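The values are calculated or read from the model by the stated rules, or taken from the named source; none is laboratory data. Quick caveat: nothing in here was measured; it's all calculated off a predicted structure. Here the Cβ is made from the backbone with ideal geometry for all residues, glycine too, and neighbour counts use every protein chain on show.
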Amino acid sequence: MTDTRTHIDERLAAIERTLLEMTALVAERVGSVTSAMLEGDVDAADALVAADDDIDLLSLQVEEGCIDTLVGEQPTGGALRFVVAAMHINTDIERSGDLVSNIAKAVGRLQGAHPDDNVRDLLARMSAQAQVLLRRAAESLRNRDAELAASVDELDDVLDELHYRYTQHVISDARRGDLDPQQSLQLALVGRFYERIGDHAENVGERVRYVIDGWLPEAQVAERAKACLEDGDMRPSRGLAVIDSVAEDRRVDAIRRDFIANVSHELKTPVGAMSLLAETLAGTTEDADRTRLTDLLQHEAKRVGDIIDDLLELTRLEETGTAADMLQVDDIVRRAIDKVQALAEAHRIDVAVEGVPSALTVQGDRRQIVRALTNLLDNAVRYSDSGQRVSLIVEPIEDGTSLTVRDEGEGIPRAELERVFERFYRVDRARSRETGGTGLGLAIVRHVAQNHGGKVRVESKPGEGSSFTLQLPVTGPEAV
Ligand code: ADP
């Protein structure tokens, strides 16, 4: 018994050490990316992008540590809460790491921007504040200190206030003509970056508090754990079963909360940019500048529209039924190709369809399947370089039809493969934004596959390309 306890404690301590190391690393990187930005040091920024792997590696260690603990030790009570919190904290810190990389990528484009001293000063202060927040969150975790964790919330208000003043200064710089519209937009997004780091630190604080306060009475956790143990078999997965049962009442709530938070974040960026652009536009008299600003404004408005369209599509997929019509595959292919043709031509990408067996049919919902296939083709085009080729391979398989979209584009790192189907998950946020992505395309594809009793999988190699396969079984969706 004592042995087991010591073992769990050791494991938890190792997880905690790694989390603290990650937090310290992110805080340091926030400092470095700020100085790279202030000095326009593109080499330093590139080095930061390259060093992102360090954080991913640590994050993987935390993930493995948590799973090993769950499976090997079947923790209950406080230990279980700690593991759950650690998994969430891990995601938050890893995302903060991603943000640093994305902002580092933007540094190159900011070169030549000459914000006045006020903006530079605010930038430095936001950075310092974001670092304080991350450190404070880490300290509260190390010391299990609820009060300290709560103070992250309050401190975050300071960052919000600085962010507000920063935005005001960027607007007045832009009005005076010290910044061109692209630069002011870029600087506005940089401001949002610090705000987001603050949000992540706040999340860490919140998790620490629930480790301390507990979100399920100890007795209840122990009871459920006991029930799972009595359930018998499958010893190795008992830890996971415990966590599953503990989490079930909270899960739906958490998903809803996360989703709303994500949507708000996603919309806040373009809406913030629009208000900044509109204000700048109001103070601009030069025709050329007005045209540029209007174009940018339209671009951001389209982004908001696209996100809303995709959200509505997801809701439709969840709430309305899936038709079970008999459909000609060549008709579906033609419709999907038609939708991406213009984009492909604009990018000088050849989309080739390889042998659609005539008279091949699938059972399902035409609109849904066309949408899923269009999303895959659209991604293949957007994540390829001009001159590359995209192929669509249609094959009858034993129990249905398989549609594979293959590209020769940038590919996806192995560690991210599973996650690209999550809502709003992007491997490279900046690139997705540049190419007009909403982060919802693959979530829609996965939903369509599920509605049809099928599946979607991906194979990819960075630098060589990706291949997404949508398999639709012959049985089609259950009639609704
Ligand atoms: P987005 O609208 O950002 O493209 P998706 O849900 O369609 O969102 O895709 C999620 C992420 O998966 C993308 O941001 C991108 O990083 C990655 N991705 C999707 N398709 C491809 C592809 N064909 N090649 C490389 N990366 C891809």
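Things worth noting here:
- Count of residues meeting criterion [among the polar types (S, T, N, Q) and touching a residue at least 40 places away in the same chain (Cβ under 8 Å)] in the stretch 274-305: 2
- For the stretch 423-445, the set of residues classified as surrounded by 20 or more Cβ atoms within 10 Å (Cβ to Cβ) and farther than 19 Å from residue 106 by Cβ consists of 423, 438, 440, 441, 442, 443, 444, 445, listed by residue number.
- Residue that is of a type outside the set (Val, Ile, Thr), out of contact with any Ser or Thr (no Cβ under 8 Å at 6 or more places or on another chain), within 30 Å of residue 361 (Cβ to Cβ) and within 14 Å of the ligand (Cβ to nearest atom), where the choices are 468, 421: 421
- Single residue of the stretch 72-99 satisfying the filter (among the polar types (S, T, N, Q) and outside any helix (DSSP H, G or I)) that is surrounded by the fewest Cβ atoms within 10 Å (Cβ to Cβ): 76
- Residues of the stretch 311-357 that are in contact with a Pro (Cβ under 9 Å, 6 or more places away or on another chain), of a type outside the set (Ser, Thr, Tyr) and surrounded by 14 or more Cβ atoms within 10 Å (Cβ to Cβ): 323, 324, 329, 330.
- Residue list for the stretch 102-119, restricted to those being among the hydrophobic types (A, V, I, L, M, F, W, C) and at pLDDT below 80: 106, 107, 110, 113
- Test set (1) surrounded by fewer than 19 Cβ atoms within 10 Å (Cβ to Cβ); (2) acidic (Asp, Glu); (3) within 7 Å of the ligand (Cβ to nearest atom) - residue 398 fails condition number: (3)
- Any hit, the stretch 446-455, residues being in a strand (DSSP E or B) and either at pLDDT below 90 or near the ligand (Cβ under 10 Å from one of its atoms) (or both): no
- In the set (1) under 16 Å from residue 208 (Cβ atoms); (2) crowded, with 22+ Cβ neighbours inside 10 Å, the condition left unmet by residue 16 is number (2).
- The stretch 445-480: number of residues that are polar (S, T, N, Q), more than 15 Å from residue 420 (Cα to Cα) and out of contact with any Lys or Arg (no Cβ under 6 Å at 6 or more places or on another chain): 3
- Selection count, the stretch 35-74, where residues are in contact with a Pro (Cβ under 8 Å, 6 or more places away or on another chain) and among the polar types (S, T, N, Q): 1
- Being near the ligand (Cβ under 9 Å from one of its atoms), at pLDDT below 90 and assigned to a helix (DSSP H, G or I) is true of residue 433.
- Filter result (among the polar types (S, T, N, Q) and in a strand (DSSP E or B)) within the stretch 386-427: 391, 401, 402, 404
- Considering (1) more than 10 Å from the ligand (Cβ to nearest atom); (2) assigned to a helix (DSSP H, G or I); (3) of a type in the set (Gly, Ala, Ser), the lone condition that residue 380 does not fulfil carries the number (1).
- Summed over the stretch 169-186, residues that are of a type outside the set (Gly, Ala, Ser), assigned to a helix (DSSP H, G or I) and surrounded by 15 or more Cβ atoms within 10 Å (Cβ to Cβ) total 9.
- Of the residues making up the stretch 45-69, those that are without any contact (Cβ under 8 Å) to a residue 40 or more places away in the chain and either crowded, with 16+ Cβ neighbours inside 10 Å or touching a strand residue (DSSP E or B) at 6+ places or on another chain (Cβ under 9 Å) (or both) are 51, 59, 63.
- Within the stretch 270-293, the set of residues being among the hydroxyl-bearing types (Ser, Thr, Tyr) and under 29 Å from the mean Cα position of the chain (by Cα) comprises just one member, 275.
- Close contacts from the stretch 427-440, counting a first residue that is at negative phi and a second that is assigned to a helix (DSSP H, G or I) and near the ligand (Cβ under 6 Å from one of its atoms), with Cβ to Cβ under 8 Å and a gap of 6+ residues or different chains, come to 427/420; 437/379.
- Some residue of the stretch 401-414 being within 11 Å of the ligand (Cβ to nearest atom) and of a type in the set (Val, Ile, Thr): yes
- Hey, residue 427 over 24 Å from residue 365 (Cβ atoms), among the hydrophobic types (A, V, I, L, M, F, W, C) and within 13 Å of the ligand (Cβ to nearest atom) or not: yes
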